[in-house]
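The values are calculated or read from the model by the stated rules, or taken from the named source; none is laboratory data. This is a predicted model, so every value here is computed, not measured. Virtual Cβ from ideal backbone geometry, glycine too; neighbours counted across all protein chains shown. Calculation scope for accessible area: heavy atoms of the full protein, side chains included, ligands and nucleic acids excluded. Shrake-Rupley method; radii C 1.70, N 1.55, O 1.52, S 1.80 Å.
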Amino acid sequence: MPVETTAPPVTAFMLIKTTPRWLAMTPQERVNAFTTQVVPAIEARTTGVRSRFYDTEFYSTRVTDVWVWEADDHEAYQRLVDALRETPFWDHYFEIVDLLVGTENGYARTYGVDPVATVTT
């Protein structure tokens, strides 16, 4: 597989933990809060970002969810975080446990080799 020469997108693993405020709401109240308070801020202040959301509370007590973000570049990722910090998502509904940010197969670009650590069987 040839090494990609374009700038890689930014991938961020946002490790989060629900707060008692979030858990005190009904499931419908959570959906309403997310769709009216969080998503509109993301859509209004960002372009070039995509996400996937993973529940992990059945396997971990420190991190209840992982929100994986891909951004076209570092500026798009920065706008995303700025937008989230202006909503109740940040430290009201969820505690941000850690942010792990990287680029997929960065080592392959650095050394000009094929991405051998990406495996499909």
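Observations
- Accessible surface of the chain [probe 1.4 Å, protein heavy atoms]: carbon and sulfur percent: 55
- Extension gain for Asp55-Ile96 works out to 13.3 nm (0.36 nm per residue, less the C-alpha to C-alpha distance).
- Between region 79-110 and region 39-65, the alpha-carbon center distance in angstrom: 9
- Note that the chain presents 65 Å² accessible area per residue, ligands and nucleic acids not counted, probe 1.4 Å.
- Candidate values (i) 15.6; (ii) 16.0; (iii) 14.5 were compared with Kirkwood radius over Cα pairs in Å computed on the shown model; the agreeing label is (ii).
- Here the label points at Phe34 and Val116, each 7 Å from Cα along the C-beta direction, are separated by 4.0 nm in the simple model.
- When each of the peptides 75-83, 26-34 is scored by how many other beta carbons lie within 10 Å of its residues on average, the order from highest to lowest is 75-83, 26-34.
- Estimated vicinal HN-Hα couplings, Hz - region 82-98 in sequence order (Karplus 6.51, -1.76, 1.60; Gly, Pro = x): 4, 5, 5, 5, 8, 10, x, 3, 7, 6, 10, 8, 9, 8, 7, 6, 6
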